[in-house]
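Derivation of every value follows stated rules applied to the coordinates shown; laboratory data play no part. Please read these numbers as outputs of a predicted model, since none were measured by experiment. Methodologically, a virtual Cβ is constructed for each residue, glycine included, from the backbone with ideal geometry; neighbour enumeration extends over all protein chains shown.
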Amino acid sequence: MFGKDFQRKYALTDQGVKNTKQGTIWTVVVNLVVMGGMGILYYMMESFCGSLLNGDKLPNPVLFMIMVIVFLILSVITHLQQYRATYGLVYAEVKNTRITLAERMRKLPLGYFGKRDLADLTETIMGDVNRLEHVWSHCLGYLYGSYISTAIIAVCLLIYNWKLAIACLWGVPVAFILLFGSRKAEKRKSELTKKAGILVSDGIQETLENIREIRATNQEKRFLDELNEKIDSHEKAMISGELTVGIFVNAASVIMRLGVATTILTGCSLILSGEIDFMMLFMFLLVITRVYAPFDQALALIAEMFVSQISAGRLTEIYEAETADGIESFRPDGHDIIFDNVSFAYDDEQVLNGVSFVAKEGEITALVGPSGSGKSTCARLCARLWDVSGGSIRVGGVDIKTVDPEALLSDYSMVFQDVVLFDDTVMENIRLGKHGASDEEVLAAAKAANCDEFVTKLPLGYATPIGENGAKLSGGERQRISIARALLKNTPIVLLDEATASLDVENETKVQGALSRLLAGKTVLVIAHRMRTIEAADKIVVLDDGRVAEEGSPAELLKNRNGLFRRMTGLQSASAGWSI
C-alpha cells in the first residue's frame, strides 16, 4: 500500500511515508474506539428494552458509568495520538520539504531556471507545497485508515448477518469506483486550471515589471484588457473544474448514503420474516452512522488527492533535475583560467564550438565579438553557472566541473550590466559581498568603489533603504554598489560582463576608477562593447559565431588589417549590431 509508487505519487520522503503509516494506524484505532462507543450505546439500549419488555433486571449503573469513562479516556488518548500523527508530524515534514526543495534549487544550474517560467516555479514552491501539505495532513491518513477500519467492521458485520451487511455497505465501494473512474476528467480540468493560473501570474508580473514602459507608450488599456481576459479564463477554468469535481463527489456521497435506505428496507423485510429482531436492525443503523462518517471528509478531499498528484509530479521534476555537484573544497594551483576545446549548446542551439584560450592570473583578458558570438556564455560557463557540453574549463589546473559551485564561487567576484539590488539599506546591499563583514569593512569597500559621493547625500546615509532593486538610485550609483560588493569579497578572479555599458561618460569614469582598484593583481575576464573599457587589456580574445576568430594584445590585433577586431574597431561608432 505504501510502496515506492505511493511515495512518488504524493512526493513523500521516507519520513513522510512513515508519518502516513502512523496516521493511518491511529485513524484505524480511533474509528474502532468510536465503534466501541456505539457498542456501549447498543448494550445500554438492549438492556433498557429488555427491562421494559421482559421485566429483566437493569445492569448496575456503576458498570455503565465505568464503561463510559473508559470510552472517554480511550477516545481522548487516541484522538490526541491521531492528531499528532496526522498534523504534528506532517507539519514538520512540510517544513523539511520546503527546506529540501530550497536546497535542491540552490544546487540546480542556472540553465534550469532559464528553461522554467518564474511564475511556474513560484507556484510550485508556494501553491503546490501548500496543496500537498493539506493532502498529507487531512486526507491520506484518514482515507487509508478508513479503508482498513471499514474492512475490519465489514468482516464483523458479514459474520453477524451477511444480508444486512451487504445492504449497509454496498454503497461504499460503488461510490469510490465512481470517484476513481472520474480521475482522468478531474486531472484534465486541474491541469487547465493550473495553466490558466500561471498565465494570470505571468501577466501580473509582466505588467508590474514593465509599468514604466507601458505608461510611456500609453498601453495601459491594452495590457489591462489582456490581464482581465487571463483572469476571466482562469475563473472559468476554476468554475468548470470545481463543477466537475462537485458533480462526482456529490453523486458518490448520495450513492453511499443510499445504504441507509437499503439497510432499513432489508431490515424491515428480515424482521417481518422473523429472521432478526428490531435490536439487530438498530445495531446496524448505529454502525452505519460510524461507517459512513470517516468517508465524509475523504469524499470531499479525494478530488484534491487527484489534483495533488499533479503538484507532486512538479515537485518530483525538481527533485530529479540534474544538479551541479562536486567536491566542496577548491584549492587550485594559481588562478589561470583555461578554456580547452569548450562547446556548449542551449537546448538544441549550439552556442560555442571548440573554444580554447587562456586568461592568465594578474592579467586582464577581454572577450569581444559580434552580438550573439558567445561572450557572455563564456563568462557564465567560467563561473559554472552552466556546465559545458564538451571540453573543459580549468582554474589553476582544476576542472571546475568537479567542484561544487558554491566552493568554486568563493574565488569569484562578478559585476554584470544588470545589477540586482534588494529592498534594503545601502549598507546591507554591499554586505552581501561578504557574509558577516563588519561595518568598517563595508565602508572601506564603499569608499574604494566611489560610493561615498552619492551615499552622503542620502537622507540616512548608508542606512537609507534604496527600494526594490535600487529604484531610488541611478544606474551609475547602482553599479558602484555592485562593485563595492566585489571589492568587499576581494576574490582572486573577477568577471565583468558589460559592467559600464549603460552608463554615461561621467558615471563611466567614476566606475572605471572603482574597477581599477578591484582588478589589481587578479585574473580578470571582461566583456564590454566600449573600447575604453578594454584599452588596458593585456589580451583580447575575439569570438565569432561561437569560435575563437583571433587573439592577442590590442596592438597586435590592430596590426592585422583583415582581422575582425580591427574591422569592429573601425565600425564601432557606425554599427549598432557589433559589440566589443
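Starting with the highest mean, order 246-259, 380-393 by the number of other Cβ atoms within 10 Å, averaged over the residues of each peptide.
380-393, 246-259
Give me the one-decimal nm value for the distance between modelled label points at Asn250 and Lys221, 7 Å along each residue's Cα-to-Cβ direction.
In this crude label model, Asn250 to Lys221 measures out at 4.2 nm.
For n ≥ 4 DSSP H runs only, could you compute -39500 (n - 2.57) per run for the chain, divide by its residues and tell me the 222 nm figure to the nearest 500?
Calculated mean residue ellipticity at 222 nm is -20000 deg cm²/dmol.
Report the relative contact order of the range 4-320, percent, no decimals, based on alpha-carbon pairs under 8 angstrom and at least 6 residues apart.
32 percent
What is the projected area of the convex hull of the Cα atoms of the range 4-320, averaged over all directions, in nm²?
If I average the Cα hull's projected area over directions, I get 21.4 nm².
On a 0 to 90° scale, report how tilted helix 439-448 is relative to the longest principal axis of the chain, with both axes built from alpha carbons and the result rounded to the nearest 10.
Its long axis makes an angle of about 40 degrees.
Need one number: nm distance between label points at Val62 and Ser47, each 7 Å from Cα along Cα→Cβ, rounded to one decimal.
1.3 nm
Return the FRET efficiency for the residue pair Ser438, Asp333: r is the Cβ-Cβ distance, R0 is 35 Å, and the value is rounded to the nearest 0.05.
0.65
Mind listing which GluC sites (Glu not before Pro) in the range 353-427 are in a DSSP loop and have 11 or fewer other Cβ atoms within 10 Å?
Of the GluC sites (Glu not before Pro), not one in the loops of the range 353-427 has a Cβ with at most 11 other Cβ atoms within 10 Å.
Obtain the nm distance between the two label points defined at Phe278 and Ile177 by a simple spin-label model: each point lies 7 Å from its Cα along the Cα-to-C-beta direction.
Result for the modelled spin labels: 3.6 nm.
To make sure I understand the rule: partners must be lysines, Cα under 16 Å from the Cα of Lys522, and not fewer than 8 residues away in the same chain. Which ones qualify?
Within reach: Lys360, Lys489, Lys539.
Just checking my list [x] 71, 25, 23; [y] 54, 27, 20; [z] 42, 28, 25 against semi-axes √(5λ) of the Cα gyration tensor in Å computed from this structure; which label fits?
[x]
So in the chain, what percent of DSSP beta bridges are antiparallel if you round to the nearest 5?
55 percent
Fully extended, how many nm does the chain gain between Ile310 and Ala92 (0.36 nm per residue separation, minus their Cα-Cα distance)?
Answer, rounded to one decimal: 76.2 nm.
Taking N as the number of residues in the range 174-302, what is its Cα Rg relative to 2.2 N^0.38 Å?
1.83
Quote to one decimal, in nm, the extra length available between Arg547 and Ala471 on full extension: 0.36 nm per residue of separation minus the C-alpha distance between them.
Taking Arg547 through Ala471 to full extension adds about 23.5 nm, to one decimal.
Rounded to the nearest 10 degrees, what's the angle between the helix 475-489 long axis and the longest principal axis of the chain, both from Cα atoms, 0 to 90?
Compared with the principal axis, the helix lies near 80 degrees.
Ranked by Cβ crowding within 10 angstrom, fewest neighbours first, how are Lys189, Lys163, Lys184, Lys434 ordered?
Ranking Lys189, Lys163, Lys184, Lys434 by Cβ neighbours within 10 Å, fewest first, gives Lys184, Lys163, Lys434, Lys189.
List every residue whose amide H lies under 5 Å from the amide H of Val526, counting only residues 5 or more places away in sequence or on a different chain, with H placed 1.01 Å from N in the peptide plane.
Under 5 Å from the amide H of Val526 lie the amide H atoms of Thr365, Ala366, Leu367, Leu496, each far enough along the sequence or on another chain.
Below 8 Å, C-alpha to C-alpha, sequence gap of six or more: please give me the relative contact order for the range 396-491 in percent.
Normalised by residue count, the contact order of the range 396-491 is 43 percent.
May I have the convex hull volume per residue, in Å³, for the Cα set of the range 290-419?
Dividing the Cα hull volume of the range 290-419 by its residue count gives 191 Å³.
Using the alpha-carbon atoms, what tilt in degrees (0 to 90, nearest 10) does helix 171-181 show relative to the longest principal axis of the chain?
20 degrees
Treat the count of other C-beta atoms within 10 Å as a stand-in for reagent exposure and order Ser438, Ser343, Ser137, Ser482 from fewest to most.
Lowest to highest Cβ neighbour count: Ser438, Ser343, Ser137, Ser482.
If R₀ is 51 angstrom, what is the calculated FRET efficiency for the pair Gln512 and Thr122, using the beta carbon separation as r and rounding to 0.05?
So the FRET efficiency works out to roughly 0.85.
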